[in-house]
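Comments concern the structure below.
Read the figures in this text as sums done on the coordinates, not as results from a lab. What you are looking at is a predicted structure, and each value in this text was computed from that prediction instead of being measured. Neighbour counts are summed over all protein chains in view; Cβ atoms, including those assigned to glycine, are modelled from backbone coordinates with ideal geometry.
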């Protein structure tokens, strides 16, 4: 039996199939998020703007960290491997990775309560 509606994994609403983009890797051939939710999340994840700041007569590129929201020079951000920089500064990114690793370890050791406490 062919489905006529699908539930969006983001907004949790049931929508017509034409409201989902194609995705050949999914079992039903459609993305999990509906088009409006996909557009909304894509637009909020745009690259953080690079802001040139003059320091001692020299223009140095800066950007805001998405975690601590501080304006920092670009050398305080890891490269993202695509010619750009990550959205989180180095200290925030390291903390994020440590937290993620601790959650994975807790889940691996069958301690979901500990994983929830970390998150």
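Hey, fewest Cβ within 10 Å first, where do 118, 60 land in order?
60, 118
Given the DSSP H assignment, sum -39500 (n - 2.57) over each helix run of at least 4 residues in the chain and divide by its residue total; what's the result at 222 nm in deg cm²/dmol, nearest 500?
-9500 deg cm²/dmol
Of all alpha-carbon pairs in the chain, indicate the percentage at a distance above 20 angstrom. Could the numbers behind the result be given before it?
Working: 4549 of 7021 pairs.
Considering the chain, 65 percent of its Cα-Cα pairs are separated by more than 20 Å.
With the alpha-carbon atoms as the only input, what is the per residue convex hull volume for the stretch 5-44 in Å³?
Spelled out: Cα convex hull of the stretch 5-44, divided by residues, is 61 Å³.
What is the fewest-to-most order of 78, 20, 27 by other Cβ atoms lying within 10 Å of their Cβ?
Taking fewest neighbouring Cβ atoms as first place, the list is 27, 78, 20.
Run the simple label-point estimate for residue 50 and residue 23 please: 7 Å along Cα→C-beta, distance reported in nm.
Result for the modelled spin labels: 3.1 nm.
Evaluate the distance, in nm, between pseudo-label points positioned 7 Å from the Cα of residue 75 and of residue 109 along their respective Cα→Cβ axes.
The modelled label-to-label distance comes out at 3.9 nm.
Evaluate the relative contact order of the chain (contact order divided by residue number), counting alpha-carbon pairs under 8 angstrom at least 6 apart; express in whole percent.
It rounds to 11 percent for the chain.
With angles folded into 0 to 90 degrees, how steeply does helix 90-108 sit against the dominant principal axis of the chain? Use alpha carbons for both and round to 10.
The answer is roughly 40 degrees.
Fewest Cβ neighbours within 10 Å first, please rank 89, 23 accordingly. Walk me through the numbers before you get to the answer.
On the way: 89 25, 23 13.
Neighbour counts put them in this order, fewest first: 23, 89.
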